[in-house]
Amino acid sequence: MDTLQAFLQANGLVTPLYPATSRYHGLSSAQLTAADGSTLTYLRRRFVPPPEHFATLTEHLVVSGDRVDNLAARYLGDPLQYWRLCDANGALRPAELTEVVGQHIRITLPEGVPGAPDVR
């Protein structure tokens, strides 16, 4: 272990495994020792937040040809943020959001950021 990592650990400062834009930001890793003595490192489970934790900015009406990555680019400025649309709409599979033409997708603020009351 290098000196910097030792200092950070000794002072309770942890370098995040993933950047702040990742759905895995803030999760820690854990290790499991297998029966054969080998060590397996894994990422701890991520719990998907309830959709009601998100403040709605607008809604998008799904049309033929919509893709969740394109919607993320359009509304969030980054196609890799598609997971935020999934979280805000309770979708476990990204394709769920665009499978049904005519359904509405909520475009929200990040989790925990307060906004105007959700009026529908």
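When Val62 is tested against (1) at pLDDT below 95; (2) surrounded by 12 or more Cβ atoms within 10 Å (Cβ to Cβ), only condition (1) is not met.
List pairs: first residue in region 69-81 and assigned by TED's automatic domain parsing to the domain that holds Arg93, second residue among the aliphatic types (A, V, I, L, M) anywhere in the structure, Cβ distance under 7 angstrom, at least six positions apart or on different chains. Pairs that qualify, where the first residue is assigned by TED's automatic domain parsing to the domain that holds Arg93 and the partner is among the aliphatic types (A, V, I, L, M), are Leu71/Leu85; Leu71/Ile105; Ala72/Leu85; Tyr75/Ile107; Asp78/Ala72; Pro79/Ala72; Pro79/Ala73; Gln81/Ala72. Screening Pro79 on (1) under 23 Å from Tyr24 (Cβ atoms); (2) crowded, with 16+ Cβ neighbours inside 10 Å; (3) at pLDDT 95 or above shows it passes everything except condition (2). One residue stands out in region 1-59 among those that are among the β-branched types (Val, Ile, Thr) and at pLDDT 90 or above: the one that is nearest to the chain's Cα centre (by Cα), namely Thr56.
Within region 38-59, the set of residues being surrounded by 12 or more Cβ atoms within 10 Å (Cβ to Cβ) and in a strand (DSSP E or B) comprises Leu43, Thr56, Leu57, Glu59.
On inspection, Tyr82 passes the criterion of being assigned to a helix (DSSP H, G or I), farther than 11 Å from Arg106 by Cα and touching a Leu at 6+ places or on another chain (Cβ under 8 Å).
Among the criteria (1) more than 15 Å from Pro110 (Cα to Cα); (2) out of contact with any Pro (no Cβ under 9 Å at 6 or more places or on another chain); (3) surrounded by 10 or more Cβ atoms within 10 Å (Cβ to Cβ), the one Asn70 does not fulfil is (2). Within region 6-20, residues that are within 22 Å of Arg46 (Cβ to Cβ) have Cβ atoms under 7 Å from residues that are at pLDDT below 75 and surrounded by 11 or more Cβ atoms within 10 Å (Cβ to Cβ) in these pairs: Val14/Leu8; Thr15/Leu8, counting only partners at least 6 apart in sequence or on another chain.
The values are calculated or read from the model by the stated rules, or taken from the named source; none is laboratory data. Please read these numbers as outputs of a predicted model, since none were measured by experiment. Cβ sites come from the backbone with ideal geometry, for glycine too, and all protein chains shown count toward neighbours.
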